[in-house]
1. How many percent of the alpha carbon pairs in region 114-180 exceed a separation of 16 Å?
2. Could you tell me how many degrees, from 0 to 90 and to the nearest 10, lie between the Cα long axis of helix 141-156 and the main elongation axis, the longest principal axis, of the Cα atoms of the chain?
3. In whole Å, what are the extents of region 102-234 along the principal axes defined by its C-alpha atoms, from largest to smallest?
4. Compute the distance from the alpha-carbon center of region 257-280 to that of region 57-111, in whole Å.
5. Suppose only helical runs count, i.e. DSSP H with n ≥ 4. What mean residue ellipticity at 222 nm does that imply for the chain under -39500 (n - 2.57) per run, divided by all residues and rounded to the nearest 500 deg cm²/dmol?
6. Order 168-177, 9-18, 41-50, 313-322 from most to least packed using the mean count of other Cβ atoms within 10 Å.
7. Helix 50-62 sits at what angle to the longest principal axis of the chain, using alpha carbons and giving 0 to 90 degrees rounded to 10?
8. Convex hull over the Cα atoms of region 1-107, averaged projected area in nm²?
Ligand code: ATP
Ligand code: MG
């Protein structure tokens, strides 16, 4: 198996523990990747602005990265990465974990594909005196095209259904453009059905009947709300994985950044008890991106099977520490 070099952006809090878990998994799988580490801890980022650049250039040169949680003081490292590398789309897979108590008893298996740029999140606007302010909402054709192609290709590998969601009857200019572009792209994927739903209605339907949904594609803000909500639905907010991509002109992902969806968890950092499932799953998606498709899928399934078998970390009501859980995942991903 050829070893692929990837960047590794190390962070703060539980980042070191999550990284140790991913390294143990990588070694157990026969080291399909070699990590080029860059220390993105707050201390080093504040000491030298060159540290951020070093990380960005490593990801650009190597085309793939594992990223661990970082503290944001003034500059958000995630925002900088997104801007500088043109990461246009964020993919959040979301599956229910059997054995994790949650509000919903059915099976959730859906994908949120979110445009990572624009919307109202550039915060472009002006304050007009004491009583008012305006903010500009941006929608650009190219990131919508990337997101739509990504969503339809993903659906081809799942349950062949894409739902686009926005407030197209109200935000007719921006969400109107979004829906227009998704509908255009849909014509290229005849084997996948496309429905469009108003975002408010979708939230209610998704809570009542999440099995209906396969791939949901949406503008930046809605995707932000939705991806946290679906993790709430499966009872494991912060433990999922997230992937961000930059694309070629023909909408192929050319750079992938993979990270656990949770934060730095300062309250438990250094205790060796953090749940590494999100980080290990993110690594599974990195493997798939780097051409190790079967191995990556096997690893993601191993995380689910481990939790389903009742081998859980403390945050999920179990007793295992970070490394004991990681070893349990390894036993499933690498049968003896
Ligand atoms: P940040 O600003 O980096 O988001 P935070 O203080 O908001 O940090 P989070 O990381 O968002 O903390 O975590 C919120 C809660 O979830 C904390 O109680 C934390 O311990 C818990 N948590 C987050 N990630 C994990 C994990 N991987 N394993 C176990 N518990 C976690
Ligand atoms: Mg947080």
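Nothing in this text is a laboratory measurement; each read-out follows from the coordinates by a stated rule. What you see is a predicted model; the values in this text were computed from it and never measured. Cβ atoms come from the backbone with ideal geometry, glycine included; neighbour counts cover every protein chain shown.
1. Working: 1256 of 2211 pairs.
Result: 57 percent of Cα pairs exceed 16 Å.
2. 60
3. Extents along the principal axes: 50, 38, 22 Å.
4. That distance is 12 Å.
5. -12500 deg cm²/dmol
6. On the way: 168-177: 15.8, 9-18: 24.2, 41-50: 13.5, 313-322: 17.3.
My ranking of the peptides, most packed first, is 9-18, 313-322, 168-177, 41-50.
7. Its long axis makes an angle of about 90 degrees.
8. Approximately 9.3 nm², given one-decimal rounding.
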